[in-house]
């Protein structure tokens, strides 16, 4: 089986390599070979040093590919890292990096014991990093070196449940304004990529609501677009405990999530909540005797789209199979909602409650298709 893509003896002929895509190489343990291999390789396959016309390397035999611009790796289940730290200086032309579905991947850049933690790493041309379905990934780099990304404008991190930090030594990315996660699109605050997760950002495996950690890039408080697709475990998209954090939310799109029965979870009285949700910890409960009504205003929400949600009963729940739930403890307003698209939600009976009519003044487009149980829009 292929153990590495670029062996030491071949790199001397690959100095012009610009694009490298590696797919489904399950036996591969290294992308760039870091050791010289067998004595046969050394003797017969140009394993000499650079001074003798051989292969350009850094001190620990890492091959340098100075012109590589695009690197994409998918379905390589024995890879634990992509680069060693000492190889980074040769990646100044790298523009795009995508790593997807590599089950053993722990870090993108591996620490080296003899590397100085004071050295600042700069990726001058790198604009995009995509990290998807890496169940063992703990971070991009776990050493204490600072990283600078002057051209960064796109970062996607999805289904990386163990990723608690991007670069432990800190990152500077002045052009990066947003980050895409498994929940959607988030704005970045002043800390940028310098987040430290305390809980898992992954929504997979959740039986109630997608997990988030307040104060991190996966929070609802800085979400501007919510997008959930093909998650068959989640039942409620936004837990009631997060409803007050949705001030920046602009768009919602939920598609092909058969287990979803409620999108925006409404508050429940304590006794009722215990009876209905004995196995769920997502809901917010309180004393029914307080008779307190909480108003949830989503001032920036303009578009919602629900597709192929066969189990959807509520979006905002009121009575059974309502989209929006208004009860004596919960009320919703969305003064700038302009577009609502609903298709193939076969258990859905209603769209809006009558009390919501006053907040629909900006609604311009309403599309409902293939909802066989629909009885009323309002």
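This table checks each residue for (1) at pLDDT below 95; (2) under 22 Å from residue 93 (Cα atoms); (3) part of a loop (DSSP other than H, G, I, E, B); (4) in contact with a helix residue (DSSP H, G or I) (Cβ under 8 Å, 6 or more places away or on another chain).
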position: 126; (1), (2), (3), (4): no, yes, yes, no
position: 130; (1), (2), (3), (4): no, yes, no, no
position: 135; (1), (2), (3), (4): no, no, yes, no
position: 140; (1), (2), (3), (4): no, yes, no, no
position: 143; (1), (2), (3), (4): yes, no, yes, yes
position: 151; (1), (2), (3), (4): no, yes, yes, no
position: 156; (1), (2), (3), (4): no, yes, no, no
position: 162; (1), (2), (3), (4): yes, no, yes, no
position: 169; (1), (2), (3), (4): yes, no, yes, no
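Please enumerate the residues belonging to the stretch 59-82 that are over 21 Å from residue 106 (Cβ atoms), outside any loop (DSSP other than H, G, I, E, B) and at pLDDT 90 or above.
So in the stretch 59-82, the residues over 21 Å from residue 106 (Cβ atoms) come out as 59, 61, 63-70.
Narrowing the set further to residues that are outside any loop (DSSP other than H, G, I, E, B) leaves 63, 70.
If the condition is that a residue be over 21 Å from residue 106 (Cβ atoms), outside any loop (DSSP other than H, G, I, E, B) and at pLDDT 90 or above, then 70 is the only one that fits.
Being modelled with pLDDT of 50 or more and surrounded by 15 or more Cβ atoms within 10 Å (Cβ to Cβ) is the filter; apply it to the stretch 282-296 and report the residue that is nearest to the chain's Cα centre (by Cα).
Here is the first cut: in the stretch 282-296, the residues modelled with pLDDT of 50 or more are 290-296.
Adding the requirement that they be surrounded by 15 or more Cβ atoms within 10 Å (Cβ to Cβ) leaves 294, 296.
Working: 294: 31, 296: 26 Å.
Ranking the candidates gives 296 first.
Would you check which residues across the stretch 343-365 are at pLDDT 95 or above and either part of a loop (DSSP other than H, G, I, E, B) or under 16 Å from residue 316 (Cα atoms) (or both) and list them?
362, 363, 364
Residues in the stretch 366-378 that are assigned to a strand (DSSP E or B) and at pLDDT 90 or above: how many?
Narrowing the stretch 366-378 to residues assigned to a strand (DSSP E or B): 366-369, 376.
The next check asks that each one be at pLDDT 90 or above; those that pass are 366-369.
Selection size over the stretch 366-378: 4.
Restricting to the stretch 253-281, name every residue that is in a loop (DSSP other than H, G, I, E, B) and either under 16 Å from residue 316 (Cβ atoms) or modelled with pLDDT of 80 or more (or both).
256, 257, 258, 259, 260, 261, 265, 266, 267, listed by residue number.
Anything in the stretch 112-124 that is in a loop (DSSP other than H, G, I, E, B), within 16 Å of residue 172 (Cβ to Cβ) and in contact with a strand residue (DSSP E or B) (Cβ under 7 Å, 6 or more places away or on another chain)? List them, or say none.
Listed by number, the list holds a single entry, 120.
Assess whether residue 85 counts as being farther than 18 Å from residue 22 by Cβ and at pLDDT 95 or above. Don't jump to the end; show me each part of the working.
On the way: farther than 18 Å from residue 22 by Cβ: yes; at pLDDT 95 or above: no.
No; evaluated as a whole, the condition is false for this residue.
Residues 106, 118: which one is closer than 23 Å to residue 150 by Cβ and surrounded by fewer than 20 Cβ atoms within 10 Å (Cβ to Cβ)?
Every option except 118 fails the conditions.
Of the residues that make up the stretch 186-193, is at least one touching a strand residue (DSSP E or B) at 6+ places or on another chain (Cβ under 7 Å) and at pLDDT 90 or above?
The answer is yes; a qualifying residue exists.
(1) crowded, with 16+ Cβ neighbours inside 10 Å; (2) modelled with pLDDT under 95: which one isn't true of residue 49, the others all being true?
Of everything listed in (1) crowded, with 16+ Cβ neighbours inside 10 Å; (2) modelled with pLDDT under 95, residue 49 misses just condition (1).
The values are calculated or read from the model by the stated rules, or taken from the named source; none is laboratory data. Just so we're clear, the structure is a prediction, and the values are computed from it rather than from any experiment. When we count neighbours, we look across all protein chains shown, and the Cβ atoms used for this are built from the backbone with ideal geometry, even at glycine.
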